[in-house]
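Structure record follows, encoded as structure tokens.
The values are calculated or read from the model by the stated rules, or taken from the named source; none is laboratory data. It should be emphasised that the depicted structure is a prediction, and the values quoted were computed from it without experimental measurement. Here the Cβ positions follow ideal geometry from the backbone for every residue, glycine too, while neighbour counts run over all protein chains shown.
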Amino acid sequence: MARWTNPKAKLGLRLARLIRQGGASGPAIVPGKLEESLLYEQVQSDAMPPGHKKLTAAQKKVLHDWIAAGAKTLRPEPNDPELAKFSEEELAHRAFQPVRQPKIPTVPSNFLVRSPMDAFIAERLAQHSLSFSPEADKRTLIRRVTFDLIGLPPTVQEVEAFVQDTSADAYEKVVDRLLASPH
């Protein structure tokens, strides 16, 4: 049986029609009548959902407003609940879209673009007549990355070693060392 159906209570929750139909205890909701809607009463009293994190006040209000407005759906529901795996709206979500390689934007030459990600950021900044912040000095960089990755400040020795390292991959070496740290 599908995961959105409680086989013991014979209550299907995937389609509004099944919620209105209800289960062993009768209709779970009565459109427009909150006081007759068992599901709403159970959610309000925090009895539902069982064994899960309780709904927030905002989530309860969504259910309240939906039932009060007549429990309408955006489109007709299929007769067979198994055909309602995902709605067109759900399938339009980006999680269901195929992965694609976006075109890397071209940006004004006054932006220092070191990676494709920088190009996307620079494009958005240019749209708002903004630019990147000035580059941080090496002492600031090591403090930022060390706090970000391990939550502790770098030692004096680590700062000095980074400042003295003139190799092109000095920053990457610091990041690799921090990621390998047990901290």
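Among the conditions (1) at pLDDT 85 or above; (2) of a type outside the set (Val, Ile, Thr); (3) over 25 Å from the mean Cα position of the chain (by Cα), ALA47 misses just one, which is (1).
Can ARG94 be described as at negative phi, surrounded by fewer than 10 Cβ atoms within 10 Å (Cβ to Cβ) and in contact (Cβ under 8 Å) with a residue 12 or more places away in the chain?
Working: at negative phi: yes; surrounded by fewer than 10 Cβ atoms within 10 Å (Cβ to Cβ): yes; in contact (Cβ under 8 Å) with a residue 12 or more places away in the chain: no.
Judged against the criteria, ARG94 is not a match.
Of all the residues in the stretch 105-134, those that are assigned to a loop (DSSP other than H, G, I, E, B) and out of contact with any Leu (no Cβ under 8 Å at 6 or more places or on another chain) number 15. Among the conditions (1) among the basic types (Lys, Arg); (2) more than 24 Å from LEU178 (Cβ to Cβ); (3) out of contact with any Phe, Trp or Tyr (no Cβ under 9 Å at 6 or more places or on another chain); (4) exposed (fewer than 10 other Cβ atoms within 10 Å of the Cβ), LYS61 misses just one, which is (4). Whenever a residue of the stretch 162-174 is acidic (Asp, Glu), its partners that are surrounded by 10 or more Cβ atoms within 10 Å (Cβ to Cβ), lying with C-beta atoms within less than 8 angstrom and at least six residues away or across chains, give the pairs ASP165/LYS173. Residue pairs whose Cβ atoms lie under 8 Å apart, separated by 6 or more positions or on different chains, with the first residue in the stretch 70-91 and closer than 13 Å to LEU13 by Cα and outside the structural domain of LEU13 (by TED's automatic domain parsing) and the second part of a helix (DSSP H, G or I) and at pLDDT below 80, do not occur.
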